[in-house]
Amino acid sequence: MNYLYPYLKKMRLHVPGRISEEDAQRQEQTAREILKRLSQRPGVILADEVGMGKTFVALAVAVSVALANRGRRPVVVMVPPSLRAKWPRDFELFRQKCLSPEVAENIRYASAERAVEFLKLLDDPPNRRKQIVFVTHGA
């Protein structure tokens, strides 16, 4: 790959009462590093201890990539079946708390639990296409 995905500047992972300034800085640095690595690799594995913020780091990366490619291709987030409801809920919180209002209102997402639902989302015309698609693993 030869794409360089910039970290979305209109995004802030610090959420008072939920994500400390220190944790937010670490998460933002991790997201930037992942975006940098994606320019030279087809993917990366994000793994650390429970409660370290992997979900918001992954969402920051997904939003940055989705907006950089201007909605041409959706970013697909594979979700284990046990977390299929959690990720869209977390994304809604992420949209409200971490994105600027103009970005939050313009980012579209959907979930698919079955292959047919997923393929229909990929086939949507550009004006209805979702930028982020959560797909239950196994769909």
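Neighbours of residue 12 by Cβ distance under 15 Å: Lys/Arg scored +1, Asp/Glu scored -1, total +2. Under a Cβ-Cβ cut-off of 15 Å, what is the net charge of the residues other than residue 34 that fall near it, where Lys and Arg count +1 and Asp and Glu count -1? For residues surrounding residue 34, the net value is +3.
Counting protein heavy atoms only, region 1-94 has 54 percent of its accessible area on carbon and sulfur, 1.4 angstrom probe.
Within the listed set 116, 57, 65, the Gaussian network model of the chain (springs between alpha-carbon atoms below 10 Å) gives the highest mean-square fluctuation for 116. The lysines whose alpha-carbon is closer than 17 Å to the alpha-carbon of residue 9, local same-chain residues fewer than 8 away aside, are 36, 97.
For the pair residue 78 and residue 113, label points projected 7 Å from Cα toward Cβ lie 2.0 nm apart.
Annotation note: trypsin sites (Lys or Arg not before Pro) in region 22-80 located in DSSP loop regions with a Cβ neighbour count of at most 15 within 10 Å are 70, 72.
Among bridges DSSP assigns within the chain, what percent are antiparallel (round to 5)? Write out the running numbers ahead of the final one.
Working: 2 of 11 bridges.
The antiparallel fraction comes to roughly 20 percent.
With only Cα atoms counted, region 73-137 has Rg and Dmax values of 12.0, 33 Å. Among the listed options (1) 15.5; (2) 18.4; (3) 16.2, the one matching Kirkwood radius over Cα pairs in Å as calculated from these coordinates is (1). Summed over the residues of the chain and divided among them, the accessible surface reaches 62 Å² per residue at a probe radius of 1.4 Å.
The values are calculated or read from the model by the stated rules, or taken from the named source; none is laboratory data. As the structure is a computational prediction, the values presented were derived from the model and not from experiment. All Cβ positions, glycine included, derive from the backbone under ideal geometry; neighbour counts span all protein chains shown. To get the accessible areas, we keep the full protein, side chains included, count just its heavy atoms, and leave off ligands, DNA and RNA. Shrake-Rupley method; radii C 1.70, N 1.55, O 1.52, S 1.80 Å.
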